[in-house]
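Structure record follows, encoded as structure tokens.
Bear in mind that the values in this text are calculations on the coordinates, not laboratory data. The structure displayed is predicted, hence computed values, not measured ones. Here the Cβ positions follow ideal geometry from the backbone for every residue, glycine too, while neighbour counts run over all protein chains shown.
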Amino acid sequence: MAAGHRFEPRILGFLCNWCCYAGADLAGVSRFQYPPNIRVIRLMCSGRVDPAHIFRAFAAGLDGVFIGGCHLNDCHYVTHGNYDALAMVYISQKLMAHIGLNPERLQIEWVSAGEGIRFANIMNEFIPRLQKLGPLGKTEGLEEQEWKSKLEAVLKLIPYIKLVQSERLRVPVRTEEAYQEFFNGEEFDRLFHESIGDKLAAYPHAAARTHAPGTGGLDYDKLDRIISRHNGEARSLIQVLLAIQLENDWLPQEVLERISEKLEVPLSRIMHIVTFHKSFRLAPGESHE
């Protein structure tokens, strides 16, 4: 980088249509000044942001991601999707810290349609912070290939992470205080490392394995142990499929037949699920997306 040249971070913003996007528009109409580093995607609700969107943005080399929604308890939908967005950001920041990326590169804020000056002020704080951090990986001490590999591992785990979030990382009370208490507490740390951290640490090794014909290198003993961990119940079919793909990176035909036999689920039903959902791969390196 030439002397005297200031680094300009590239930022992707996901803004709620009803509040934050309108607030950003008001900032522009009112000529409130902030650096033009952010590129915006407008969503109907901040709750529509998926962790895959965040980590794909970083994998593409962006230096920061911003999510803007309605103020808590003021969502335009009865689902209060901004609480879902808040939980997703807490988990994503934890994932970033776990793989060695600074979680300050991801920020979520609440901006109403009339708060144009607030949006400008947030940008005037977020962008200089990213300028100090520098390009993705620089202050983290990670080479480009290293952070790309880590982000790829996270992206492959996203379906499993979302399942863990829905089953084990739900906050029973929808208040900002309850979310802060849970996601900043020891219980969340324990559940994260127990459910996600250990698998994330092991996943790159699993992804690098070569696959033998038939079962893809996954022996029946290991397959049966995975099924047993889910009590061998038909209602755990999707969890079993995700766990096996996490271990093997794809779902060979013989493995699907074994699952059908063990769970007593028709193979036709299993095939319908794995061909319908984009998360599953039926060949090495295959992607349904």
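Values for this structure:
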read-out: Pairs of alpha carbons in the range 1-83 whose separation is greater than 20 Å (percent); value: 43 percent
read-out: C-alpha center-to-center spacing [the range 227-256, the range 144-178] in angstrom; value: 20 Å
read-out: Overall form of the range 220-276 per C-alpha gyration tensor (a/c, 1.5; a/b vs b/c); value: rounded
read-out: Degrees between helix 267-276 axis and first principal axis of the chain (Cα, 0 to 90, nearest 10); value: 20 degrees
read-out: Principal-axis tilt of helix 144-168 within the chain, Cα atoms, nearest 10 degrees; value: 70 degrees
read-out: Histogram of C-alpha separations across the chain, 5 Å bin width, %; value: 1, 5, 11, 14, 15, 15, 13, 10, 7, 5, 3, 1, 0, 0
read-out: Calculated [θ] (222 nm, deg cm²/dmol) that DSSP helices of n ≥ 4 give over the chain, each run adding -39,500 (n - 2.57); value: -16000 deg cm²/dmol
read-out: Partners for residue 150 among lysines (Cα-Cα distance below 17 Å; same-chain residues under 8 apart left out); value: 94, 138, 199
read-out: Mean Cβ count within 10 Å, highest first, over the residues of peptides 71-84, 225-238; value: 71-84, 225-238
read-out: Two-site FRET efficiency, residue 56 against residue 149, from Cβ-Cβ distance with R₀ of 25 Å, rounded to 0.05; value: 0.95
read-out: Candidates 240, 173, 65, ranked by Gaussian network fluctuation over the chain, Cα under 10 Å, top entry; value: 173
read-out: Between helix 116-133 and the chain: long-axis angle, C-alpha atoms, 0 to 90°, nearest 10; value: 70 degrees
read-out: Separation of alpha-carbon centers, the range 16-64 and the range 91-132, rounded to whole Å; value: 10 Å
read-out: Cut-off 14 Å between beta-carbons: net charge of the residues surrounding residue 92, Lys and Arg +1, Asp and Glu -1; value: +2
read-out: Listed residues 160, 86, 37: farthest to the positive end of the dipole of the chain (Cβ charges); value: 37
read-out: The chain: most fluctuating residue of 114, 185, 100 per GNM, C-alpha cutoff 10 Å; value: 185
read-out: Sequence-separation-based contact order of the range 221-289, relative, with Cα cut under 8 Å and 6+ spacing, percent; value: 30 percent
read-out: Efficiency of FRET between residue 269 and residue 29 - r from beta-carbon atoms, R0 51 angstrom, step 0.05; value: 0.40
read-out: Normalised contact order of the chain, rounded percent, pairs of Cα under 8 Å and 6 or more residues apart; value: 16 percent
